[in-house]
Amino acid sequence: MKGILVLHGANLNMLGKRDASRYGTDTLAEIDAQLADLAASLACSVESFQTNHEGEMIERIHRAHEEHIDAVVINPGAWTHYSYAIRDALEILEVPIIEVHMSNIHAREEFRRLSVIEPVAQEQIVGLGPESYLMGLRAAVALVSENR
């Protein structure tokens, strides 16, 4: 397995500092460490990438295509609801894409209930805090194994 790319969108670098009632107290570094530990137990590698710049996210997705990664786990943050550019970049990939959200986007404000990413994702996991990421990684590994 070449590896799983975990993408964190805008403002997720502020986890642990923003709205603990919705997102918990884990920092992004702590979530990335949990992902690395889980990846080791699943015998795969994981690379995490976070940016607050949409173009940088798109460029990283393009590089993932060139690198022939095995799967993507993505929490697009607010880009979930409007970034057709990120959606189109993900659509280029021919690997499993798992969309994750720490909060339940379907139970939030009306504008947050639409995901433009969902149609290109094989799975969507929401509302489980940091566990959403861990379940996303497990799902990605299972889908990669299933497709081999």
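When the test is whether a residue is among the hydroxyl-bearing types (Ser, Thr, Tyr) and under 26 Å from THR27 (Cα atoms), SER145 does not pass it. Here LYS17 passes the criteria (1) over 14 Å from the mean Cα position of the chain (by Cα); (2) not in a loop (DSSP other than H, G, I, E, B) except the one numbered (2). Please work out which residue is surrounded by the fewest Cβ atoms within 10 Å (Cβ to Cβ), limiting yourself to the range 113-146 and to residues that are assigned to a helix (DSSP H, G or I) and free of Cβ contacts under 8 Å to residues at least 24 places away in the same chain. The selected residue is GLU146. If only residues of the range 61-112 that are part of a loop (DSSP other than H, G, I, E, B) and either acidic (Asp, Glu) or without any contact (Cβ under 8 Å) to a residue 40 or more places away in the chain (or both) are counted, the one that is farthest from ARG18 (Cα to Cα) is GLU94. Checking the stated criteria, GLY24 turns out not to satisfy the condition of being on the phi > 0 side of the Ramachandran plot, surrounded by 13 or more Cβ atoms within 10 Å (Cβ to Cβ) and either under 15 Å from the mean Cα position of the chain (by Cα) or free of Cβ contacts under 8 Å to residues at least 24 places away in the same chain (or both).
Since every read-out is calculated from the coordinates, none of them should be taken as a lab result. Just so it is clear, the structure is predicted and the values come from calculations on it, not from any experiment. Reconstructed Cβ throughout: ideal geometry from the backbone, glycine too, with neighbour counts over all protein chains shown.
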